[in-house]
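The values are calculated or read from the model by the stated rules, or taken from the named source; none is laboratory data. As the structure is a computational prediction, the values presented were derived from the model and not from experiment. A quick note on method: Cβ atoms are made from the backbone with ideal geometry, for glycine too, and the neighbour counts reach across all protein chains shown. All accessible areas refer to the heavy atoms of the entire protein, side chains included, with ligands and DNA or RNA removed. Shrake-Rupley method; radii C 1.70, N 1.55, O 1.52, S 1.80 Å.
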Amino acid sequence: MCREVLDIEPYQFKLRSTERGKAWETISSHLNATSHPKFRVTPRSVRDRYNLTKKFQVRLNREERASGISDDNSELDNLLEEILEKEKAAKEKLDNDDEKAAAEDMRKHALERVGQTAKQKSKEEGQEAEKSKSRKSRKSTGEAVEYLKERASKRYS
């Protein structure tokens with residue numbers, strides 16, 4: 001199973017993604033296809049068994065703290081160590097990709113805000129320009145003076 005996990009590397013995909021699920025299905029189908037050690041597994045059972053690498057990590061940490069060096073490495077231990085290293089590297093890569101996506105989203109959001117405020121400012125300036133045009137026509141006193149003259153002439157004549 002460890003060799004299949006190393007070949008397919010399901011940990012390179014995001015948690016709970018369809019790609020990761022397909023990877024577990026592929027591993028289980030490969031294991032079920034073998035004839036010498038006969039397996040009857042489901043994608044979930046393979047995934048649950050893979051989660052035992054966490055226990056191995058705890059054991060490695062405990063051994064490191066106790067003696068500093070572990071000499072009795074079996075093939076399974078070596079495979080599990082390799083899986084843990086690759087999983088850690090893939091997790092860091094996924095985290096970096098998530099950070100890049102978040103930064104890009106934030107940048108896009110900030111630019112949208114700048115664009116929206118620019119549009120609002122241009123609309124406001126356009127409205128102010130219209131108001132100022134109408135004010136200029138109102139400030140013109142020539143028409144008002146003519147009207148008052150006509151009115152006065154009608155009244156007093």
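Couple of notes before you dig in:
- Meets criteria (open to solvent by 80 Å² or more (accessible area, probe 1.4 Å) and among the charged types (D, E, K, R)) for E92: yes
- Leading residue by the ranking (farthest from L80 (Cα to Cα)) among those in the stretch 1-14 that are not in a helix (DSSP H, G or I) and not basic (K, R): F13
- Of the residues making up the stretch 48-61, those that are open to solvent by less than 90 Å² (accessible area, probe 1.4 Å) and touching a residue at least 12 places away in the same chain (Cβ under 8 Å) number 5.
- Inter-residue pairs, beta-carbon under 6 Å, first surrounded by 10 or more Cβ atoms within 10 Å (Cβ to Cβ) and in the stretch 30-45, second aromatic (F, W, Y) and modelled with pLDDT of 90 or more, 6+ apart: P43/W24
- The single residue among I83, I27 that is in contact (Cβ under 8 Å) with a residue 40 or more places away in the chain and surrounded by 16 or more Cβ atoms within 10 Å (Cβ to Cβ) turns out to be I83.
- Of the set (1) under 21 Å from E92 (Cβ atoms); (2) in a loop (DSSP other than H, G, I, E, B); (3) of a type in the set (K, R), all apply to K38 but (1).
- Only a single item in (1) under 25 Å from L94 (Cβ atoms); (2) surrounded by 15 or more Cβ atoms within 10 Å (Cβ to Cβ); (3) over 30 Å from the mean Cα position of the chain (by Cα) is not met by E4, and it is number (3).
- Considering each residue of the stretch 15-33 in turn, none proves to be more than 30 Å from E99 (Cβ to Cβ) and part of a loop (DSSP other than H, G, I, E, B).
- Residue match in the stretch 140-149 (condition: modelled with pLDDT of 70 or more, among the hydroxyl-bearing types (S, T, Y), assigned to a helix (DSSP H, G or I) and surrounded by 10 or more Cβ atoms within 10 Å (Cβ to Cβ)): yes
- The single condition from (1) of a type outside the set (D, E, K, R); (2) open to solvent by 80 Å² or more (accessible area, probe 1.4 Å); (3) touching a residue at least 40 places away in the same chain (Cβ under 8 Å) that T18 fails is (3).
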